[in-house]
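What follows is a short report on a single structure.
What follows draws every value from the coordinates through simple rules; no lab data is involved. What you see is a predicted model, and the numbers here were worked out from it, not measured in a lab. As a convention, Cβ positions derive from the backbone with ideal geometry for all residues, glycine included, and neighbour counts pool all protein chains shown.
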Amino acid sequence: MSGLESLLIKARSFTKRGDAQAARALYHEVLARHPRNARAIAALKALDEPGDTPAQIAFDRMVAAFNAGRMNEAAACGQAISDKHPHAHGVHNLLGAALLELGSHAEAEAAFRRAVAADPHGDAGYNNLAIALRRQGRMDEAEAVYREVIARAPGYADAPYNLANMLEQAGRLDEAAQWLEAAVACDPGHVEAHYNLGNLRARQGYRDEAIACFAAAATLQSGHTDAHNNMGAQLLAAQRADDAIAAFDRALVANPRNVQAMVNRGKALVLKGARPAAIAAFRAALALDPQNSSARLQALFEEAHLCDWHARRDYALTQGPDAAAVQPFASLPFVDDPAHQLRRSQACAARMFPDAPPSLPDPAPSADGRIRIGYFSADFHDHATMHLMAGFFRTHDRARFEVRLYSYGPRRETDAARIAVRQQADAFTEIGPMRDEDVVALARADALDIAVDLKGYTLGTRTRLFGHRLAPVQVSWMGYPGTSGHPAIDYFIADDVTVPAGAEAFFTEKVVRLAHCYQANDDARSIVADTRGRAGWGLPAKGFVFASFNQSYKISPAEWDIWMDLLHGAEGSVLWLLDTGADTRRNLRREAQMRGIAPERLIFAPPIPHAEHLGRLAHADLFLDTFAVNAHTTASDALWAGLPVLTLAGRQFAARVAASLVRSVGLPELAVESEAAYAALAQALAHDADRLGNLRVRLAKNRSTHPLFDTASYTRRVEAAFTLMHRRRLDGLAPEHFDVD
């Protein structure tokens, strides 16, 4: 029997016994869940026919006050009736509900106990009693009452529903899920049971089950905006952008002011690459909630990709706590301040990472004496990270290290980089569809000594896995250019340029400084010689070619002003940029024109295969780096292709990477300390062909003689770092800062 039928039968029973107040309370309870229930409406109408007693009239007044939210009045009415009618179950029950709303939990408990005494078979009274006990923190007593009701009335859906909610709050997720399933079995029309089960399944990582539960809730109640929104969030997490957008649209039809659905819709549009529409969604959310720092930060970050700088100064308004929902990567291009980035990372980590696990992994030494290392990434394919790291995996000493790769990115089985790296590992495991808990169990079963996060706070990350502790030693390397802000990551691999003395204060990890440069590089990268010539890329046959192939979000007005001055000062020069779309092209041309530069002096290079891109770099004269977020892989590309890189050494890690690269390749003078020095050196090189030519000759020579592209030596340094981390752990020593020569 469903919970609805049970309530209707009990209400009729009270009517027959002459307890109209109790019957009315139950009928109102039915209508609270099912507002159009014809039987309850008709029954209430019959109870309201002339001939009502004064007590019934008083009870109706109490019900009206309760439904209108006037809880003090409802409680006063209920107390008066309760004193005169000690056996009126419905009165006691509604009085207890009003007292709960008022926060008078002990008094509510007393009212519900009177209700139970008046009707020992009244399931609602027992259920409400359990709620009052929960509100007082008496969880064991509440659980016992719920279980008593469930045993006596297995068809009463509210008891397992409420028990499940209590168990979930206590972290007993599997049990909670079982009771929510029981509530749905009792009453398939119980919307909130479906909805809460969806939230619970999402929390457990059962994405498909969560989507099905939200869909059930939304089908039963099409206006359930949160069910649509939460379903969309799960679809978005599954990379199903179109389905997610459809769900967010339904959420907004149900409630056009659902700010979170607007923000989530923006995220889905970003995934589709529809940045202008995404920005419109974030801005719409901000219009409804001007204090929403999450929406503002995401709008600004996407506008940065389009080089739309009209609201850039509003970054100062993104300090609210809700901005912690946005990964700190979005903050990097706006402020060059390591202390600021530390705070951003800590706020995000506190929200993203799970609670500390109850136990830590403690694997026994391997039978063959090798150190077991697990590398976790979404980028084991033709990706910037693999362009850098392919040589590391190729030269990794498999006699000393067991190399396991855990991939949660796209399954591109024919990708050449992916095929190659699989052959250079002891194991390659696809963990994309797996729940966090299952990945943790797998990593621990694999007895990893060290787990390496190659993603951090970058697109598609699952860095929260490390909060569960995949291995006794956990390392951040090559992925995110800054701190994780969380104690679960033990070490961060850097060098003495990217993290100079004293800058460890801006990292929650212990900093390991490698000699020369922290960044991996591959000395076997192929370069396909360009055959199109300058004209084939739209470049002038003569004239200086400044180049900056950084992603567009890294460009700010500060660099742009200098670059436009350089074009003013070098007749016939052009600026060669990566083409990231029509909107960006249009905005940059407008910004150039506003500074007196003809838009046609901006040349946009379309994306092409990596080896071919390296070949076309021969047509550039000088690479101009960006400031708050330097060129990273892009700078290594330029140097490997023989193109000098001019950079400004900033303050935060992301702003010092290129300085580390040019030093490591033997051209330290190309890392300057001020914007004025940057502008002066660029202008000087544009007008001094001999000086620039000398730099290019030195770079060509140094490429094979300096540490930056000495892949094997670099790999040995990283392996030495891993060995020392492992040894400290075996010796019972806590992580500590150290250097590797």
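Cross-link list 267/554; 510/554; 10/84: which exceed 25 angstrom alpha carbon to alpha carbon? Beyond 25 Å: 510/554.
Listed values [x] 15, 39, 27, 15, 4, 0; [y] 17, 48, 30, 5, 0; [z] 14, 36, 26, 16, 7, 1 include one computed from this model; for P(r) over Cα pairs in 20 Å bins from 0, in percent that value carries the label [x]. Averaging the Cα positions of each part gives two centres, and for region 496-553 and region 126-163 these lie 62 Å apart. Dipole size of region 438-518 about its Cα centre, with +1 on Lys/Arg Cβ and -1 on Asp/Glu Cβ: approximately 220 debye, rounded to the nearest 20. A simple spin-label model places the labels of residue 79 and residue 701 9.5 nm from each other, with each point 7 Å out along Cα-to-Cβ. Taken as Cα centroids, region 672-700 and region 291-322 sit 35 Å apart, rounded to the nearest whole angstrom. If a paramagnetic tag sat 7 Å from the Cα of residue 542 along the Cα-Cβ line, which residues of region 567-585 would have the backbone N under 15 Å from that point? Once the point is set 7 Å along Cα→Cβ of residue 542, 571-574 turn out to lie under 15 Å by backbone N, inside region 567-585. Full extension of the chain between residue 335 and residue 608 yields a length gain of 95.2 nm, computed as 0.36 nm times the residue separation minus the alpha carbon distance. With an a/c value under 1.5 for the gyration tensor axes a ≥ b ≥ c computed over the alpha-carbon atoms, region 533-709 is described as rounded.
The simple Förster model, with R0 at 51 Å and r as the Cβ-Cβ distance, assigns residue 565 and residue 734 a FRET efficiency of 0.50. Over the chain, DSSP H runs of length four or greater, each weighted -39,500 (n - 2.57), average out per residue to a 222 nm ellipticity of -16500 deg cm²/dmol. Each of 430, 509, 168 has some number of other Cβ atoms within 10 Å of its Cβ, and from fewest to most they run 430, 168, 509. Annotation for residue 398 and residue 175: the two label points, set 7 Å from Cα along the Cα-Cβ direction, are 4.8 nm apart. Between residue 355 and residue 185, the FRET efficiency from the beta-carbon distance, with R0 = 35 Å, is close to 0.70.
Ranked for footprinting exposure by Cβ neighbours inside 10 Å, fewest first, 13, 660, 293 give 13, 293, 660. Extension gain, residue 724 to residue 459, is 92.3 nm, computed as 0.36 nm per intervening residue step minus the present C-alpha separation. The Cα center of region 336-369 and the Cα center of region 605-665 differ in position by 31 Å.
Testing the spin-label approximation: label points 7 Å from Cα along Cα→Cβ at residue 437 and residue 239. State their distance in nm. Distance between label points: 2.5 nm. Projecting the Cα atoms of 348, 641, 363 onto the dipole axis of the chain, where Lys and Arg carry +1 and Asp and Glu carry -1 at the beta carbon, places 641 farthest toward the positive end. Contour minus end-to-end for residue 311 and residue 501, with contour as 0.36 nm per residue of separation and end-to-end as the Cα-Cα distance? Extra length from residue 311 to residue 501 when fully extended: 64.9 nm. In this Cβ point-charge picture (+1 for Lys and Arg, -1 for Asp and Glu), the chain has a dipole of about 780 debye about its Cα centre. Panel order for 701, 510, by other beta carbons found within 10 Å of each beta carbon, from fewest to most: 701, 510.
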